[in-house]
Amino acid sequence: MTENAGASTVREQGGITLQCPKLTETNYTSWSILVETVLRAHGLWKTVLGEDKDEKRNNTTKAIIYPTLPEDVLLQVAKYKDAQDVWDSIKIRYLGTEWVQKARLQTLRGELERLKMKDDETINDFSGKIIGIVEKFKSLGSSLDEEVTVRKFLNSIPKKYLPIVASIEQYSDLESMSLEEAVGRLKAYEDRLKIHDEKEEERDQLYMASEERHGESSGYGRGNGGNYERGGRGRGRGKGRGEKSGIQCYDCGDFGHFSYECTKWKDKDNEAKLVQEEEPALL
C-alpha cells in the first residue's frame, strides 16, 4: 500500500489497483463508500461488522484504513485494537452519536418529501438530488426502499412528463423497478421533447420569415376587419407603411398604389358614362 496525491492505493492480485481517498471534513460519505468497497473486494468487510475476529485480517483492515485518515483522526483511533471500533469511532466523529444520526435521518426524510423538480431543471439534475439523499441515508446506516424512491421521483416531476409517467405506472411493476431504470425512461422522453420543441421552433421561425418575405413582395395589409388582404383590398395598412413600391394594385395590376387609390378604373368608368350619354344622341 502506498500513499499518492492525497489518496492511498491497494494493489490487488492480478495487478488491479484499488484507490481510497483521503478523509476530509466534507467527504465522509464518499470516503466510507469507497473504503467499504475496497474492504469488500479483499473479503475484509466482516471485520468491520465485528463478525470476523481473525487477528491477521483485522490488522490488514486497519492497515487499509489508516493511510486514508488525517493525522489527528489517526491518533484518535490508533488506541483501538479491533477494526470495528476504529470504524465506529470515525463514524461517530463525522456523523455524531446514534440519536444525532436519527435526527439527521428525520431531516433527510423531510428534505426528500419537500423535493420537487423545477420546470427548468433537467432529469439528470433532479435525479442527482434524490440519489444524493439516498447515499446520505446509507452513510447513516439506514436505507430507503427502492419503490419509495421511484414513486417519489415519478410524483415530483412537472406536468409535461405526465404522459410517460402514466405509461410507466400502467404498464410497469414499480415494486421491482429500480430508480436508474425510471430515470433512464424519463431521460429518453425528455430527449424526445427537446427534439420536438427544436423542430417546432424551427418551423415557427421559417413560417415567420416566409410571412415577412411574402408581405414585403405582395403588399399584404391589415384591413379594418383585422384580416390580411392582397394589393390593398380594403383600406389596409401594410408593414411597409409609406413605401408602396412593392405594392401591387389588385384592380389594374400596376405597382405603387392600393386598389382603392387606383385612378385608371375611375377614368374608364367616366369614359363609359360618356359613351352611354352620347349613344342616344348618335342614334
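FYI, it's all coordinate maths here, none of it is from the lab. Keep in mind it's a predicted model, so treat the numbers as computed, not measured. Cβ: placed from backbone, ideal geometry, glycine included. Neighbour counts: every protein chain shown.
Given R₀ = 25 Å, what would the calculated FRET efficiency be for N124 paired with Y207, taking r from the Cβ atoms and rounding to 0.05?
Given R0 = 25 Å and the Cβ-Cβ separation, E is 0.15.
In whole Hz, what ³J(HN,Hα) sequence does region 80-86 give by Karplus (6.51, -1.76, 1.60; θ = phi - 60°), x for Gly and Pro?
Coupling constants for region 80-86: 7, 7, 8, 4, 4, 5, 4 Hz.
Could you give the length gained by full extension between D72 and T26, i.e. 0.36 nm per residue of separation minus their alpha carbon distance, to one decimal place?
15.0 nm
Tell me, in nm to one decimal, what length is gained between L162 and R109 on full extension, where the rule is 0.36 nm per residue of separation less the Cα-Cα distance?
16.6 nm is the gain from fully extending L162 to R109.
Quick one: Karplus J couplings for region 102-114, per residue in order, coefficients 6.51, -1.76, 1.60, θ = phi - 60°, nearest Hz, x for Gly and Pro?
Couplings: 5, 5, 5, 4, 5, 5, 5, 4, x, 5, 5, 5, 7 Hz.
For a quick check of your reading of the filter: which trypsin sites (Lys or Arg not before Pro) in region 98-171 sit in a DSSP loop and have no more than 15 other Cβ atoms within 10 Å?
Answer in residue order: K116, K118.
Given H placed on each backbone N at 1.01 Å, which residues far from C20 in sequence or on other chains put an amide H within less than 5 Å of it?
Amide H to amide H, under 5 Å and 5 or more residues apart or across chains, C20 pairs with S8, T9, V10.
Pairs K56/K138; K91/K136; K159/K194; K160/K199; K91/K152; K102/K129: which exceed 23 Å Cα-Cα?
K56/K138; K91/K152, as the Cα separations exceed 23 Å there.
What does the highest-first list of 175-183, 163-171 look like by mean Cβ count within 10 Å?
Details: 175-183: 15.0, 163-171: 13.0.
Final packing ranking: 175-183, 163-171.
Mind grabbing the base-10 log of I(q)/I(0) for region 99-185 at q = 0.11, 0.14, 0.22, 0.26 Å⁻¹? Debye formula, identical points on the C-alpha positions, no solvent, two decimal places.
Evaluating at q = 0.11, 0.14, 0.22, 0.26 Å⁻¹ gives log10 I(q)/I(0) of -0.31, -0.49, -1.09, -1.39.
Can you tell me how much longer the chain between K194 and S178 gets when fully stretched, taken as 0.36 nm per residue apart minus their C-alpha distance, in nm with one decimal?
3.3 nm
Would you pull out the residues with amide H under 5 Å of F255's amide H, same chain only if 5 or more places away, H placed 1.01 Å from N?
C249
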